[in-house]
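Below: one structure, written as structure tokens.
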Amino acid sequence: MNGPGDQPPDAPDAPDAPAENGAEIPVGQGKRLHPLTPWRRAWAPLAGLFAVALQNAAEVRDQAEGAGLGWLLLGVAVLVLGATAYGYLSWRVTRYLVTDTELRIRTGLLFRRTAHLRLDRIQAIDISRPLLARAFGVAKLKMDVVGSGSADELAFLAEREATELRAELLARAAGIAPEAASSAGEAPARELHQVDARMLGWSLALLGSGWGALLGALLVTPLIWLATDSVLPALAVLLPLLAAIWRGSLGAFLTQYGWTVSESPDGLRLDHGLLQRDHATVPPGRVQAVKIVEPLLWRPRGWLRVQLDVAGEGNVGGLLLPVATRETVRALLGRILPEVDLDQTLGAVNPAPRRARWAVPVWRVGYGHGVTDAVFVARRGRLRRTHILVPHAKVQSVRLTQGPWERRLRLASIHVDQGAGGTATARLQDATYATDEVARQAERSRLGRRTAAPDRWLTARPAGGAG
Amino acid sequence: MDTVVRGPGSGGGPGVADDRWRPIEAGVLSLRRLLLVCWLGPLALVGAVLPPLLGAPLWALLALPVLAAGGWGWWALARNWRSWRYLERDDDLLISRGVLWQQLTVVPYGRMQLVEVTSGPLERRFGLARLQLHTAAAATDAAIPGLAPAEAERLRDRLTELGEARSAGL
């Protein structure tokens, strides 16, 4: 490995460069990140130093008096320079290149690493704009790739560049001819639905979890304070509770504010956030399961929350809609799973047999299972009723389990595993029915796969078919 | 008394009636019983010998529960071994196992991402190999322990071949 000291490691005229990088990023090709990027890198060590200095303030002062302020300032200056140089050099060596089949990202000053992301394996590309980055007009591009597990990211790019690159990558991933891809620009998006801020606020207020945490904080903290007679344990309990309250109320409101779902040829786009704008694209062909959640207090209003399981790391919490009416969900669901009708699907669910109450007394009512032509549906939960829909074509394996008590009651559970790592479980079904159902489900998913649309969804549809 | 003796295919629990169900090798039972003895034997020995040496002979009775557990394990392992079976069908592989907690796993060939045959040193001594199937779902949990190495390889090749022929995207 070349040291960074003697020559810039990415110097295009380095004699060994072509041989070394020929297969990766050819000399003189590839683009750099935004010039502001090094400051993000230089910022971290400085902040660390500052934190250390703050913690040992007294010692630092003694040292400063002993050694003279000049030396201290010199030390800091050297550190700042070093950090800046490191940031600059690592920015110089970081390049990315889009080829017909891959996105290559080269990083690393000392340990060079080139990531090859196969375009046809890209699940989703998200643009994230943290608050500070928004002020500077830059954005982060996150790629979800099957099999890589971790999300590779390009941080930072100019906002316009990020949007263009995302459009190009998605267009290529969707199967548009490579020549046309770069000129295609960002595919036009059509807004389908925007979540009303009032409705979002009400829906969060009607969730039990935030209130539960608040109640816990109000009851438990004084008790602990009284019992232990010291503030620290009470604080130790209070802080996580406060975090939970924040996440359930204002924090959720801030991230879910202005939740917009729009449709474009490369998938469904999600834009959301009040302070930090986030942007995600969900390719419809890669949705493995749809989760429809109905909290208790939402049901009289007919409100639903929709979550998606996408292979790879999905968007934040896999949320498609934080809250929506039934009509909206019905319309949107058709965009993701075209053959699925919401009412018909939820209506196909049969509750667990009555004798299951001996296995799960009160909550038995929540368990249910149904099958339509397109999806396997499992229902659970009594207060927070959840339906999980797995398209037959996405089923990876089917399992049947039966414990001793279930066997006594002639019950069994059906598990359907899907590709995003989740499992839809239909618990407490009649044993003979479940045995037959497992065989039938295996058959259905085999047939479903044959008729399923190919992964390159754009080529599968005629132009304009998305509209 | 072993009353749960049942041949392949005549399972009492969840299952699909078919006469092509195959059992796993008897070597697994020997291997597991050996491991059981290796774990519990020394424990029982220490429990029986140490208290008299320390002058409290009555505590030697502690060895009895250990021995009882060993005896029960001896029997339970046989029961569990008998419950394992697998069935190759035209389009999917079925694995059935468990006595108290029964499980039947169905993996369509087209969904297999990877078929893996492993064999540790002890398993090799007993002439055994373990076949593990991976799909895109982490929860799939489909493995067959205790195949004869030749059978494991045959199965691996066949599954890979069928998997390629029937593979589908995510």
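Here the condition is being of a type outside the set (Val, Ile, Thr), at pLDDT 85 or above and part of a loop (DSSP other than H, G, I, E, B); of A:Leu239, A:Leu274, A:Leu270, A:Leu214, it holds for A:Leu274 alone. Cβ-Cβ distances below 6 Å connect the following pairs, each with a first residue in segment A:435-446 that is more than 7 Å from every other protein chain (Cβ to nearest Cβ), a second residue that is in a helix (DSSP H, G or I), and a separation of six or more residues or different chains: A:Arg444/A:His392.
Applying the set (1) among the aliphatic types (A, V, I, L, M); (2) under 29 Å from A:Val287 (Cα atoms); (3) more than 14 Å from chain B (Cβ to nearest Cβ); (4) not in a strand (DSSP E or B) to A:Val377 leaves exactly one unmet item: (4). The single condition among (1) part of a strand (DSSP E or B); (2) within 12 Å of another protein chain (Cβ to nearest Cβ); (3) surrounded by fewer than 23 Cβ atoms within 10 Å (Cβ to Cβ) that A:Trp405 does not satisfy is (1). Just one of the listed residues (B:Ala139, B:Ala148) is open to solvent by 20 Å² or more (accessible area, probe 1.4 Å), more than 25 Å from A:Thr435 (Cβ to Cβ) and either modelled with pLDDT of 90 or more or within 11 Å of chain A (Cβ to nearest Cβ) (or both), namely B:Ala148. Considering segment A:146-171, and only residues there that are aliphatic (A, V, I, L, M), touching a Gly at 6+ places or on another chain (Cβ under 8 Å) and assigned to a helix (DSSP H, G or I), the residue that is modelled with the lowest pLDDT turns out to be A:Leu170.
For B:Ala76, state whether it is within 11 Å of chain A (Cβ to nearest Cβ) and open to solvent by 10 Å² or more (accessible area, probe 1.4 Å). No: the conditions fail for B:Ala76. Residue selection: A:Ile388 satisfies the criterion of being away from chain B (no Cβ under 11 Å), surrounded by 17 or more Cβ atoms within 10 Å (Cβ to Cβ) and farther than 17 Å from A:Trp358 by Cα.
For segment A:316-340, filtering for residues that are buried (at least 16 other Cβ atoms within 10 Å of the Cβ) and in a loop (DSSP other than H, G, I, E, B) leaves 2. Note on segment B:94-146: residues that are in a strand (DSSP E or B) and on the phi > 0 side of the Ramachandran plot total 1.
The number of residues in segment A:413-434 that are farther than 18 Å from B:Asp141 by Cα and facing chain B (nearest Cβ under 9 Å) comes to 2.
Residue-wise test of (1) closer than 24 Å to A:Glu161 by Cβ; (2) outside any helix (DSSP H, G or I); (3) modelled with pLDDT under 70.
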position: A:Gln7; (1), (2), (3): no, yes, yes
position: A:Pro15; (1), (2), (3): no, yes, yes
position: A:Phe50; (1), (2), (3): no, no, no
position: A:Ala77; (1), (2), (3): no, no, no
position: A:Leu97; (1), (2), (3): yes, yes, no
position: A:Arg106; (1), (2), (3): yes, yes, no
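The values are calculated or read from the model by the stated rules, or taken from the named source; none is laboratory data. Computed from a predicted structure; not experimentally measured. Please note: Cβ atoms are built from the backbone with ideal geometry, for glycine as well, and neighbour counts cover all protein chains shown. What goes into the accessible areas is simple: the full protein's heavy atoms, side chains included, and nothing from ligands, DNA or RNA. Shrake-Rupley method; radii C 1.70, N 1.55, O 1.52, S 1.80 Å.
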